[in-house]
1. Report, ordered by the first and then the second residue, all pairs with beta carbons closer than 9 Å, sequence separation of six or more or different chains, a first member in segment 368-394 that is free of Cβ contacts under 8 Å to residues at least 12 places away in the same chain and under 20 Å from Trp304 (Cα atoms), and a second member that is open to solvent by 10 Å² or more (accessible area, probe 1.4 Å) and in a loop (DSSP other than H, G, I, E, B).
2. Checking Trp304 against (1) of a type outside the set (Ser, Thr, Tyr); (2) part of a helix (DSSP H, G or I); (3) within 25 Å of Asp20 (Cα to Cα): exactly one of these is not met. Which one?
3. What are the residues in segment 1-56 that are in a helix (DSSP H, G or I), of a type in the set (D, E, K, R) and either closer than 17 Å to Ile435 by Cβ or open to solvent by less than 10 Å² (accessible area, probe 1.4 Å) (or both), if any?
4. Quick check: anything in segment 83-97 part of a strand (DSSP E or B), more than 19 Å from Lys50 (Cβ to Cβ) and touching a Leu at 6+ places or on another chain (Cβ under 8 Å)?
5. Modelled with pLDDT under 95, farther than 21 Å from Pro11 by Cα and assigned to a helix (DSSP H, G or I), is that true of Asn436?
6. Can you tell me which residues in segment 294-351 are more than 18 Å from Ile435 (Cβ to Cβ), under 15 Å from the mean Cα position of the chain (by Cα) and of a type in the set (Asp, Glu)?
7. So in segment 271-285, with the set limited to residues that are touching a residue at least 24 places away in the same chain (Cβ under 8 Å) and within 26 Å of Glu339 (Cα to Cα), which one is surrounded by the most Cβ atoms within 10 Å (Cβ to Cβ)?
8. For segment 384-406, what are the residues that are under 20 Å from the mean Cα position of the chain (by Cα) and within 13 Å of Gly27 (Cβ to Cβ)?
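The values are calculated or read from the model by the stated rules, or taken from the named source; none is laboratory data. These numbers come from a predicted model, not from an experiment. When we count neighbours, we look across all protein chains shown, and the Cβ atoms used for this are built from the backbone with ideal geometry, even at glycine. Keep in mind that these areas ignore ligands, DNA and RNA; they rest on the heavy atoms of the full protein, side chains included. Shrake-Rupley method; radii C 1.70, N 1.55, O 1.52, S 1.80 Å.
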Amino acid sequence: MNNKVIYQIYPKSFKDTNNDGIGDLNGIIEKIDYIKNLGADYIWLTPILKSPQHDNGYDISDFYDVDPIFGTIADYKTLLNKCKESNIKVIFDLVLNHISTDHEWFRRAINGEEYYQDFFVWTDQPNSLMSAFGSSAWTYNQQVGKYYLHLFDETQVDLNWHNPEVRKKLYEMINFWIDAGVEGFRLDVIDLIAKEPEKMITSNGPNLLNYLSELSNATFSNKFLTVGECWNFQPQDTVKITGDEGLTQVFHFSHLNWIYPKWNLSRISLSELSQVMNNWQTEPKVIEALTLNNHDLPRLQSYWFGPSANHKENYLKSTLLFAMNILSQGNTYIYQGEEIGMENAYNFKLDDYNDIESLNKIQELIASGLSNEEILRIMHTVSRDNARTPMKWDSSQNYGFSNSKPWLELNECNQNVEEDLASQYSVYKKYQEMINWKKNNYNDLTFDYKAEAVDKVLMIKSGKFIAKLNFGTKPIISEINEVKPLLTNKVDNFSVLQPYEFIIFKR
């Protein structure tokens, strides 16, 4: 399960076919050929199960039904069949750390059923644990007379994985979806399930490997591609929970060191980036999950480089970043819109934001006395809504996403799919070329990896190949200028590496 390409879809923002302003399953079905032609082997759907949508589907209220905003179980089965016809597998997003407070289990717990009360974590006296969204991780429930744990929003109550009945119920649910045709799983914040809050332990608790081994044996048994979301992990942590007794791989975010603290606006240096790449690529037991973007992050090229002046610059920045993954071993994850160079939503006003994390932060920043202009600068840089704006398919109403007002404001940056495909600077077409090149040359990338930063140039040596990537804003003279590159985003003289250009040669 290595050298695969996974295309992540955020269904609410992908394609609306029933004109309610919200993307749906039929919209995904309509665009399967677009995804297949890019070179994807899998699609990963962020949660489509029934939810009050306080955290856009990551607050599940029913594990066994599709949310009506996306369609029906029948629509989901149609999607699975369409994907099978196209030789694409479906990765299901499992939210196993927490559920919605609207879920039957929690309702029965607060109504006095002791069996379900033990599905959650309670305390009489909360400690200083904070939620990821900026408030206390404990909320008082009047009916129970205790505080319940929520490492995210207060409407997302944490499950007690130390209770075997909880684990049994979750395994039953996973097997239901396996029987329905799912062939892969992304496990949301899976590093948190073995938490021991009384000891202030949240991530990577002592029983994490035991729980993941039990989960695997009871459900997918390593037959499928499985990827865990583990924000703080290093390769040595990953080795412990992957392989025969655990998951296929984990997401790490070491190349995005601004994450902690989340609203820190500092960028990683090129030297630090090369160290991260070496750290992960020289661990032979790890199948790296290579990712630049997802629904929880701002668009990476915007975060690192700021807005593009024109389509050509946007094309160069997008393909430069993707080239970092071309010489790396592992599975490649692409987030919707990345393949046409979508940037952050610089047109957003404060009233345009929808994300609960962003809304909480806006109120905190207002209370701190920051001006609206400064708050917008922060949101334009870091907010998760930057990645969640609707896909832009063409030049028609609402860029072809919907005939009705979209659930989230449209992003006015960048060209749409139709324009990109017609452009001489097509990000999509260069992504196609780069994906195809990596698949064909993957076996020659399997030894002797080294990344090194020299001023604003990232040098990567991997197997039989060497790459130079210009992250700077000034042109440089290429030291390798007599041999035609195997792969490049250049459009002019090979002897000069212009800003944001890359070249790959044979060593």
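1. Close Cβ pairs (under 9 Å, with a partner that is open to solvent by 10 Å² or more (accessible area, probe 1.4 Å) and in a loop (DSSP other than H, G, I, E, B)) amount to Arg377/Leu265.
2. All conditions pass for Trp304, except number (3).
3. Asp33, Lys36
4. Yes, because at least one residue in segment 83-97 is part of a strand (DSSP E or B), more than 19 Å from Lys50 (Cβ to Cβ) and touching a Leu at 6+ places or on another chain (Cβ under 8 Å).
5. So Asn436 fails the test.
6. The one that is more than 18 Å from Ile435 (Cβ to Cβ), under 15 Å from the mean Cα position of the chain (by Cα) and of a type in the set (Asp, Glu): Asp296.
7. Met277
8. Within segment 384-406, Pro390, Met391 meet the criteria.
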